[in-house]
Amino acid sequence: MTLQVVFHAPTAEALTRARRNLLNFRAAEPDARLRLIANGPAVPAALDIPDPETDPYLRVCLNTLQTLGLENTRGLPEVAAGVVELARCQANGWQYIRA
């Protein structure tokens with residue numbers, strides 16, 4: 001059975017925790033499907049603080065980008081609405097972990 005886990009980072013501090021949690025999870029379960037959703041204050045932190053190990057799993061919330069007037073200058077993958085993506089993942093059997 002392949003585990004599917006979505007990590008939720010709603011704040012800058014949570015983004016730091018989520019990145020660490022994701023790396024720990026990946027080390028323990030290398031075949032797991034992992035995703036990290038950043039919304040709210042985590043989005044500017046994701047743009048300002050690159051992490052080459054976890055950025056491939058990261059999705060930033062387009063609603064937050066627009067609300068805060070930010071440009072995704074790093075070209076990170078975007079989701080239209082972080083909360084909708086979290087719900088979609090859970091509806092498709094992904095396990096939710098809030099950092």
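The values are calculated or read from the model by the stated rules, or taken from the named source; none is laboratory data. Please read all numbers here as calculations on a predicted model, not as lab measurements. Please note: Cβ atoms are built from the backbone with ideal geometry, for glycine as well, and neighbour counts cover all protein chains shown.
Things to note:
- For Arg98, the test of being of a type in the set (D, E, K, R), surrounded by fewer than 17 Cβ atoms within 10 Å (Cβ to Cβ) and touching a residue at least 40 places away in the same chain (Cβ under 8 Å) is passed.
- Matching residues in segment 35-74 - criterion: being in contact with a Gly (Cβ under 9 Å, 6 or more places away or on another chain) and assigned to a loop (DSSP other than H, G, I, E, B): Asn39, Gly40
- Of the residues making up segment 56-73, just one is closer than 16 Å to Asn21 by Cβ and exposed (fewer than 15 other Cβ atoms within 10 Å of the Cβ), namely Pro56.
- Listed by first and then second residue, the pairs linking a residue in segment 41-61 that is of a type in the set (Asp, Glu) to a residue that is in a loop (DSSP other than H, G, I, E, B) and surrounded by 17 or more Cβ atoms within 10 Å (Cβ to Cβ), with Cβ atoms under 8 Å apart and 6 or more places separating them unless they lie on different chains, are Asp55/Leu76.
- Condition met for Pro44 (out of contact with any strand residue (DSSP E or B) (no Cβ under 9 Å at 6 or more places or on another chain) and either surrounded by 15 or more Cβ atoms within 10 Å (Cβ to Cβ) or at pLDDT below 95 (or both)): yes
- Selection count, segment 74-95, where residues are farther than 19 Å from Leu62 by Cβ and crowded, with 16+ Cβ neighbours inside 10 Å: 1
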